[in-house]
1. Evaluate the following for Leu172: is it of a type in the set (A, V, I, L, M, F, W, C), in contact with a Phe, Trp or Tyr (Cβ under 9 Å, 6 or more places away or on another chain) and open to solvent by 40 Å² or more (accessible area, probe 1.4 Å)?
2. Please go through the stretch 108-136 and pick out each residue that is open to solvent by less than 50 Å² (accessible area, probe 1.4 Å) and among the hydrophobic types (A, V, I, L, M, F, W, C).
3. Return the only residue of Ala60, Ala87, Ala75, Ala15 being at pLDDT 95 or above, surrounded by 16 or more Cβ atoms within 10 Å (Cβ to Cβ), part of a helix (DSSP H, G or I) and in contact with a helix residue (DSSP H, G or I) (Cβ under 7 Å, 6 or more places away or on another chain).
4. Can you find a residue in the stretch 120-139 that is over 14 Å from Gly167 (Cβ atoms), in contact with a Gly (Cβ under 9 Å, 6 or more places away or on another chain) and in a helix (DSSP H, G or I)?
5. Starting from the stretch 73-100, take each residue that is at negative phi and list its partners that are outside any helix (DSSP H, G or I), counting only C-beta distances under 6 angstrom and pairs at least six apart or across chains.
6. So which residues in the stretch 146-175 are of a type in the set (Ser, Thr, Tyr), over 22 Å from Leu48 (Cα atoms) and assigned to a helix (DSSP H, G or I)?
7. Among the residues of the stretch 22-37 satisfying the criterion of being in contact with a Leu (Cβ under 7 Å, 6 or more places away or on another chain) and in a helix (DSSP H, G or I), which is nearest to Asn159 (Cα to Cα)?
Amino acid sequence: MTTVADLNAGRTAVALRNLYLVRFAFAVIWAVLLFLAGGTPGPVRVALLVIYPLFDVAAAVVDLRSSRTARPAAALYVNLALSLLAAVGLAATAASGVPAALRVWGAWAITAGIVQLIVAVSRRRLGGQWAMIFSGGLSAVAGTAFVLQAGTPAASLTNLAGYATVGGVFFLISALRLRRTAKSTRVPATAGTAGR
């Protein structure tokens with residue numbers, strides 16, 4: 001017999017798996033577009049810089065609404081606020097040049113990475129979270145590198161495409177691992193509609 005906890009874990013695993021797959025696709029498409037936008041700042045590049053954290057805001061909202069269990073709401077709200085601040089900061093500084101945008105992006109990557117790490121550790125019983133734990137730690141390290149790079153002549157936004165791609169791959173790995181959790185807790189068709 002399936003318990004309520006198993007059904008909730010299964011629903012959460014399915015919701016997170018779907019969200020992570022979308023995040024993977026978005027990250028890869030965004031990285032390609034940023035790379036194609038070239039090295040010079042312009043309206044397309046500024047738009048891309050602002051869109052990425054705004055997508056993170058939308059993902060946090062979806063996460064809050066869809067994962068009924070294992071959702072550390074406070075950390076997700078912090079992530080939502082950080083991403084919104086990053087979008088505003090990038091919109092305000094992107095025209096000032098690459099170093100300013102790198103500093104804002106780096107600060108966001110550090111703080112968002114720490115929050116991602118906290119969320120993933122709290123969800124580790126779901127499975128598939130080791131990649132999110134690693135990704136959160138790596139984001140904090142990459143963010144530090146972006147801030148340091150901003151003060152050098154080699155400052156460039158093209159590294160952000162690599163950052164997004166690597167992050168997307170970690171979302172894909174977690175999604176594939178969460179598929180196992182979803183299968184092992186097999187949510188009946190009628191259970192998926194309860195409470196809506």
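1. When the stated conditions are applied, Leu172 passes them.
2. Listed by number, the residues that qualify are Trp108, Ala109, Ile110, Ala112, Val115, Val119, Ala120, Leu126, Ala131, Met132.
3. Ala87
4. yes
5. Val98/Ala155; Val98/Leu157; Pro99/Ala150; Pro99/Ala155
6. Residue satisfying the conditions is Ser174 alone.
7. Leu34
The values are calculated or read from the model by the stated rules, or taken from the named source; none is laboratory data. Predicted model, so just to flag it, every value in this text is computed and none were measured. As a convention, Cβ positions derive from the backbone with ideal geometry for all residues, glycine included, and neighbour counts pool all protein chains shown. Remember, those area values only see protein heavy atoms, side chains included, never the ligands or the DNA or RNA. Shrake-Rupley method; radii C 1.70, N 1.55, O 1.52, S 1.80 Å.
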